[in-house]
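Readers should treat all values here as calculations from the given coordinates under stated rules, not as data from a laboratory. On a predicted model such as this, the values are computed, not experimentally measured, just so you know. Neighbour counts are summed over all protein chains in view; Cβ atoms, including those assigned to glycine, are modelled from backbone coordinates with ideal geometry.
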Amino acid sequence: MRRALLVAALLCACREKGAAPAPPASTAPPAPPERIREQEPNDFQRAQQIPARAVVTGSLQAPRDDDWYRVGVAGGKTLALRIELKLVRDASLEAYDRDRNRLLRVHAGGDDPGVVPALACLEACFLKVSGAGPQDYELTVLGAEPQPDEELEPNDRRCSPESRCAAHISPPTTRTGTGWS
């Protein structure tokens with residue numbers, strides 16, 4: 001019996017010593033967002049490519065204008081995008097997945113910016129700024145690795161673990177978020 005306990009203890013000790021150390025947590029601050037100017041044409045078929053961390057200044061023209069942007073994510077990863085539309089009189093911000101299925105829509109105007117705290121962006125996503133012109137806007141996109149306890153939008157759909165959609169949470173994980181539905 002003592003011999004079995006001794007062998008078990010040695011095996012456990014060897015496994016712990018041979019285990020790879022946990023990677024150090026990245027403490028470096030994220031890169032500042034790149035400043036970009038809207039470039040026409042940036043319609044549905046020719047969305048303007050922007051980096052995952054960008055501040056885009058643009059304008060909506062009369063009578064109605066839609067400006068499309070594509071955020072690409074390298075290596076098939078998922079990013080959590082914080083998106084904010086400000087400096088507009090009356091406009092909407094819509095987010096689409098890589099296949100251009102609409103994920104959400106928020107309104108912005110006056111002192112009320114359209115804000116999405118954390119949107120799941122897998123491989124690529126599209127953003128559309130719409131409204132009647134003339135009016136200027138500033139679109140801020142801040143992409144980062146999703147945090148373990150962060151709620152990602154959209155989270156109001158049924159999905160399976162295989163679909164890797166934002167709504168899937170495997171128990172017993174807890175999430176904190178905005179309370180949006």
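Phi angles across region 97-107 convert, under the Karplus curve 6.51 cos²θ - 1.76 cosθ + 1.60 with θ = phi - 60°, into 3J(HN,Hα) values of 7, 4, 9, 6, 8, 5, 9, 6, 9, 10, 9 Hz, Gly and Pro given as x. As a calculated quantity, the FRET efficiency between Lys77 and Glu34 at R0 = 30 Å, using C-beta atoms, amounts to about 0.95. Across region 34-150, the mean sequence separation of Cα contacts (distance under 8 Å, 6 or more residues apart), normalised by length, yields a relative contact order of 35 percent. Per-residue extension of 0.36 nm, minus the Cα-Cα distance of Ala62 and Val115, leaves a gain of 16.7 nm for this segment. Phi angles of region 130-139 translate, via the Karplus equation with coefficients 6.51, -1.76, 1.60 and θ = phi - 60°, into HN-Hα couplings of 10, x, 8, x, x, 7, 9, 8, 10, 10 Hz per residue; Gly and Pro are given as x. When each of the peptides 68-75, 36-43 is scored by the mean number of other C-beta atoms lying within 10 Å of its residues, the order from highest to lowest reads 68-75, 36-43. The stretch between Ser130 and Arg89, if pulled fully straight at 0.36 nm per residue, gains 13.6 nm over its current Cα-Cα span. Seen from Phe44, the other residues with C-beta closer than 10 Å to its C-beta sum to a net charge of +1, counting Lys and Arg as +1 and Asp and Glu as -1.
Over region 91-158, the pair-distance histogram of Cα-Cα distances with 5 Å bins from zero comes to 4, 14, 26, 25, 18, 10, 4, 1, 0 percent, rounded to whole numbers.
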